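The values are calculated or read from the model by the stated rules, or taken from the named source; none is laboratory data. Here the structure is a predicted model, which means the values were calculated and not measured. Here the Cβ is made from the backbone with ideal geometry for all residues, glycine too, and neighbour counts use every protein chain on show.
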Amino acid sequence: MNTIRTAMLLAFMTALFMGVGYLIGGSGGMTIAFLIAAGMNLFSYWNADKMVLRMHHAVEVDERNAPEYFSIVRDLAQRAGLPMPKVYLIDNPQPNAFATGRNPQNAAVAATTGLLERLSYEEVAAVMAHELAHVQNRDTLTMTITATLAGAISMLGNFAFFFGGNRDNNNSLGIVGVLVAMIVAPFAAMLVQMAISRTREYSADRRGAEICGNPLWLASALDKIARSAQRIHNPDAERNPATAHLFIINPLSGERMDNLFSTHPNTENRIAALEQMAREDGMGGGMRREQEARPETGPWNAPSAPARQSKPAAPSGPWGRNPTGPKGPWS
């Protein structure tokens, strides 16, 4: 069912792309837009994960240089019945994480150093379980390709002003078609992209809680990440806003409302859903929230993160030390 829904969404985005091409250049523009959309879909299918990881300067790690972090992902992948994904670390103080890849056999998960430094072991496990849920649900491919096409439609809208609406483009709508291409089509693409992200976050929250074994771990993690994201800037995400919907919490500044224009559901709504799930599972009546009085630190906490190098190298911070305690109920 998820595969059918994904195909329908991508078909709609391709049709929207072709419609913008028609509004700009008539039947010839529609044909060109179709060829571009097909090429972008094919390119994104094979290379989107590499592009996203490169945008955020992610560095691949393994059990030698990040044993705790790597073992968390490995244990959770085994618990979920998934192939072991590639594991990446992003040198960024904002706690956050995302998953990418065209299928579970070619997936990757990435976490920031801020996530490992500010969250507890159980909270990190819950976040990575959420990302693995996206992999298992095959959300990563859909969200990445949709973002690519949405960005391209917006780009075509900008071009419409310069290349559309003349007598030689077989466009009977003239200036009206150009205005639609400039305003309506990019807006529609944005709504589709955001709707895809928002609806799938709730599904990944539930499945992630099932994988890690405790919904309250993820609820606590979401609370900490959301509060930290409000005050910690993420330069790479700001430079690449089209990737914002991939993160577990919106990494961009100024995004707070649970409305049609946000890439993520309201964090309080997500926490409430997880708390309800915990109550249904007999885990208590609500999340035990630690406020600012308690330091937001975990077993990987360091005085400072390693400095960004001109050529990224595998990090060697304390998040790479061997664990001294239990790994959780999944071990």
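Observations on the model:
- In the set (1) touching a residue at least 12 places away in the same chain (Cβ under 8 Å); (2) over 24 Å from Glu122 (Cβ atoms); (3) hydroxyl-bearing (Ser, Thr, Tyr), the condition left unmet by Ser71 is number (2).
- The condition of being of a type in the set (Ser, Thr, Tyr) and under 16 Å from the mean Cα position of the chain (by Cα) holds for only one of Thr100, Thr14, Thr113, Thr31, that being Thr100.
- Residue within the range 69-85 that is over 15 Å from Ala133 (Cα atoms) and touching a helix residue (DSSP H, G or I) at 6+ places or on another chain (Cβ under 7 Å) present: yes
- Of the candidates Val109, Val135, Val124, the single residue that is in contact (Cβ under 8 Å) with a residue 24 or more places away in the chain, out of contact with any His (no Cβ under 6 Å at 6 or more places or on another chain) and within 18 Å of His57 (Cα to Cα) is Val109.
- Some residue of the range 45-54 being surrounded by fewer than 18 Cβ atoms within 10 Å (Cβ to Cβ) and either within 22 Å of Glu117 (Cβ to Cβ) or more than 18 Å from the chain's Cα centre (by Cα) (or both): no
- Of the residues Arg308, Arg231, Arg294, the single one that is modelled with pLDDT under 50 and out of contact with any Asp or Glu (no Cβ under 7 Å at 6 or more places or on another chain) is Arg294.
- Among the criteria (1) closer than 23 Å to Met13 by Cβ; (2) modelled with pLDDT of 95 or more, the one Ala58 does not fulfil is (1).
- Condition broken by Ala244, with the remaining ones in (1) modelled with pLDDT under 90; (2) closer than 16 Å to Gln276 by Cα satisfied: (2)
- Within the range 206-234, the set of residues being within 16 Å of the chain's Cα centre (by Cα) and free of Cβ contacts under 8 Å to residues at least 60 places away in the same chain comprises Leu222, Ala226.
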